[in-house]
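Encoded as structure tokens, the structure appears first; notes follow it.
The values are calculated or read from the model by the stated rules, or taken from the named source; none is laboratory data. Computed from a predicted structure; not experimentally measured. Counting neighbours? That spans all protein chains shown, and the Cβs are built from the backbone with ideal geometry, glycine included.
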Amino acid sequence: MNGGLRVTRALFALALVALHFAGAALAAPAVPTSGDSSAQYLDNSDGRNWQGYGRTFGQQHYSPLAQIDQTTILRLGLAWSMDLGPENSATQPIEVDGVLYFATGLSVVQAVDAASGKALWRYDPRAAEKAGLNLRLGWGVRGIAWWNGKIYTGTQDGRLIAIDAQSGKPVWSVQTFDAQYPAHINGAPRVFDGKVIIGYASTTGATRGYVTTYDAETGRQLWRFYAVPGNPEDGFENKTMEMAAKTWAGHWRKFGGGADVWNSMAYDAETNTVYIGTGSGYPWNRRVRSADQGDNLFVASIVALNGTTGAYKWHYQINPGDTWDYDATMDIELADLTIDGKPRKILMQAPKNGFFYVIDRITGQLISAKPYAKVTWASRIDSKTGRPIEAPGARYPNGTTADIWPSGIGAHSWMPMAYSPQTKLVYLPVIESGNRMSDSGVDVKNWRPPLDRAVDGAIGSVAEDSTAVDDQHGRSVRRIEGALVAWSPIAQRVVWKVAHPTFINSGVLATGGDLVFQDTVDGTLKAYSATTGKVVWSFAAQAPLVATPISYSVKGRQFVAVLTGLGMGILQIAGISNTHMEQYGIDPRSQARRVLTFALDGAAPPLPAPRPPAPAINDDDFKPNVATAAAGKALYERHCATCHGVSVVGSIQAPDLRRSAVLLVPEVFAGIVHDGKLVSKGMPDFGELNDAELADLRQYVRTEAHELRERNK
């Protein structure tokens, strides 16, 4: 191929990539603000608005609206749709007083008329350019929040920003962690009592987890709660941290300890209590972080805090001394139930570890815990002590191997469950998967965190901190299945179950119309009978879905809204996404990212059929080189797979590189990967790679493109 032609083609492709990520500024007409903020967040509020991630303080993901029910749903149709840009759209919208707000990409917040879809304003915090190394692992936020005429969002670079709901202009911004910290915000802020609370996520470096609460009007920091103790030599912030330090050993302070609060928070207005769910320890393997000793408080725990001061009230640890990546960051939901003939104020959580927990939210006492998925790491949860009875060999001692269910993906991930006060049931998106785990060959005494935010530094490989063994990220994932389960928190049993062909599916919306809505990666939005699980309505979205639907009312008309398109790296863990991506023809460039909004007698035009994925790029100069490709594969798996897909099978927001003309010219490839030409569009730079490594990396991607061309001949 002529060299000049190659450069022209590649530069043209680069220009297309830039246009693909570009956004347009929009006008900002006036938007109404609502009345008493606290009243709208109460669990018994009327449901006219959906102003926060779980709608209410109790995070029930339930709407009492009943205009759409099992009889009228046959009239449910698409009211309007809105095409979005190419960025992550796995986010849940909110709605207040007839305006729908949502975030896409790296926290680009938009406001549209909730009844018509008319664009009102768009705010871009330019997070990609500020994120630095933290751009290497993160996909934007899962949701936003509203309070007293302001919209709140977190960003990849750790800012919490308040935006005026009328104009779309920022009101205040605070940096929630040191910019050099290996962290990013991907969870939705929560609001309560004139305050906004946020944590952060990190799986790629030494961090000490915490949550911070700010004044919702001014951004002034009010209090901070650390989830694990700091260095004892520096003293402790309070007696709680001194108590927690007694449950640690070894050199945890060198690694931060982890326990990041990246998703789950709820609030009880009656007792002024904030509940947070904490993540796994860092590193995952307790033998590395804590000399294989201690409960490691408050890793993998639910912690109750005073809403005014942040003072510790109580905790319940889901997994003492966790060593399986069993986060307790799945959504916490509050309810009032009668159990054994007594009214109880309860907290519910279905964390990664496969047990469904019902806890007294006043005292922290365990009421019950039963498995909702296949569990092999423990036989049961002791009802007296609240501690798990671990299976022999579950901690893979002395270099042994253990088949562990659930896997580190979890039996339930970040996609929220829903609780219906009407049926007294929880509707839970379940994942059935297992790991083969071992740390054989790991030098636990000399392990060090990666400095480059590489994924396998935290997940583990046989060369570093491995809590598992496989060919990608230190674990071998077994059979994968997905399901929607209706679960009774009173009887602790399955009421009904619907199996899905896809293992990762959206969070759940329950409504007063005796309906449950959930969408699936294969591109279908369905409504089920909340009591029987029967499918009563479905809609072909012409795109994969993973975002959670919401419902709201404008001028007496009930709507259901959801965003289409994939995002969030859960789909890339351990290579399990490839079958789904190939089977459903999902490609980051071709998949449609839209807002879909439904109402009774909705009559919007039908959605266009999805565009097929582009073919593998023609690469006339390609010559196989097994050794170079193997070296490039190792680099790709360490630095690229999280965003661009395992085995270069694109599925999220980053382009499928097998189909990209950027591969054709080494100078253009290096300009993007090494020099950061597309940082502003969300593509991080890898300036530490030398020329030989860039050549190896390019050779590997070209090899995968060649194999795709051969398969499609």
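Here are a few things to note about the model shown:
- Those strands (runs of 3 or more DSSP E) of the range 124-202 in which 1 or more residues are among the acidic types (Asp, Glu) and touching a residue at least 12 places away in the same chain (Cβ under 8 Å) occupy 159-164.
Yes/no per residue for (1) among the acidic types (Asp, Glu); (2) surrounded by fewer than 23 Cβ atoms within 10 Å (Cβ to Cβ):
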residue	(1), (2)
Trp324	no, no
Glu333	yes, no
Pro351	no, no
Pro371	no, yes
Val375	no, yes
Trp405	no, yes
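- Residue within the range 618-636 that is on the phi > 0 side of the Ramachandran plot and either surrounded by fewer than 20 Cβ atoms within 10 Å (Cβ to Cβ) or assigned to a loop (DSSP other than H, G, I, E, B) (or both) present: no
- For the range 235-261, a residue qualifies if it is under 19 Å from Leu305 (Cβ atoms) and buried (at least 24 other Cβ atoms within 10 Å of the Cβ), and the qualifying residues are Ala244, Gly257, Gly258, Ala259, Asp260, Val261.
- Of Asn306, Asn319, Asn285, all but one fail to be touching a Gly at 6+ places or on another chain (Cβ under 8 Å) and of a type outside the set (Ser, Thr, Tyr); the exception is Asn285.
- Just so you know, in the range 670-710 the residues that are at pLDDT 90 or above and of a type in the set (S, T, N, Q) include one that is nearest to Asn134 (Cα to Cα), and it is Asn690.
- Failed criterion for Val112 (all others in (1) in a loop (DSSP other than H, G, I, E, B); (2) under 27 Å from Leu509 (Cα atoms) hold): (1)
- Set Glu667, Glu582: member being surrounded by fewer than 22 Cβ atoms within 10 Å (Cβ to Cβ), modelled with pLDDT under 90 and out of contact with any Gly (no Cβ under 8 Å at 6 or more places or on another chain): Glu582
- For the range 601-617, taking the residues that are crowded, with 16+ Cβ neighbours inside 10 Å and at pLDDT 95 or above, the one that is nearest to the chain's Cα centre (by Cα) is identified as Leu607.
- Candidates are the residues of the range 669-713 that are aliphatic (A, V, I, L, M) and not in a helix (DSSP H, G or I); the one that is farthest from the chain's Cα centre (by Cα) is Leu689.
- Contacts under 7 angstrom Cβ, first residue in the range 416-445 being outside the structural domain of Thr502 (by TED's automatic domain parsing), partner modelled with pLDDT of 90 or more, 6 or more apart: none
- Flag for Ile381 being modelled with pLDDT of 95 or more and in contact with a Ser or Thr (Cβ under 8 Å, 6 or more places away or on another chain): no
- Any hit, the range 35-47, residues being crowded, with 24+ Cβ neighbours inside 10 Å, in the same structural domain as Ser116 (by TED's automatic domain parsing) and more than 25 Å from Lys195 (Cβ to Cβ): no
- Screening the range 63-97 for residues that are assigned to a loop (DSSP other than H, G, I, E, B) and of a type in the set (Gly, Ala, Ser) and picking the one that is surrounded by the most Cβ atoms within 10 Å (Cβ to Cβ) gives Ala90.
- Scope the range 524-571; condition crowded, with 23+ Cβ neighbours inside 10 Å and over 20 Å from the mean Cα position of the chain (by Cα); matching residues: Ala527, Tyr528, Ala530, Ala541, Ser551, Tyr552, Gln558, Phe559, Val560
- Residue within the range 26-41 that is modelled with pLDDT of 95 or more and over 27 Å from the mean Cα position of the chain (by Cα) present: no
- Set Ser280, Ser290: member being over 30 Å from Gln40 (Cα atoms), more than 26 Å from the chain's Cα centre (by Cα) and buried (at least 24 other Cβ atoms within 10 Å of the Cβ): Ser290
- Within the range 204-318, helices (runs of 4 or more DSSP H) holding 1 or more residues that are more than 25 Å from Thr363 (Cα to Cα): 252-255, 286-289
- Failed item, numbered, when Ser407 is tested on (1) modelled with pLDDT of 95 or more; (2) assigned to a loop (DSSP other than H, G, I, E, B): (1)
- Within the option set Arg344, Arg380, Arg361, being among the charged types (D, E, K, R) and either touching a Gly at 6+ places or on another chain (Cβ under 9 Å) or surrounded by 22 or more Cβ atoms within 10 Å (Cβ to Cβ) (or both) holds for one residue only, Arg361.
- Any pair with Cβ under 6 angstrom, 6 or more apart, that starts in the range 209-234 at a residue that is surrounded by fewer than 16 Cβ atoms within 10 Å (Cβ to Cβ) and ends at one that is modelled with pLDDT of 95 or more and among the polar types (S, T, N, Q): Arg224/Thr212
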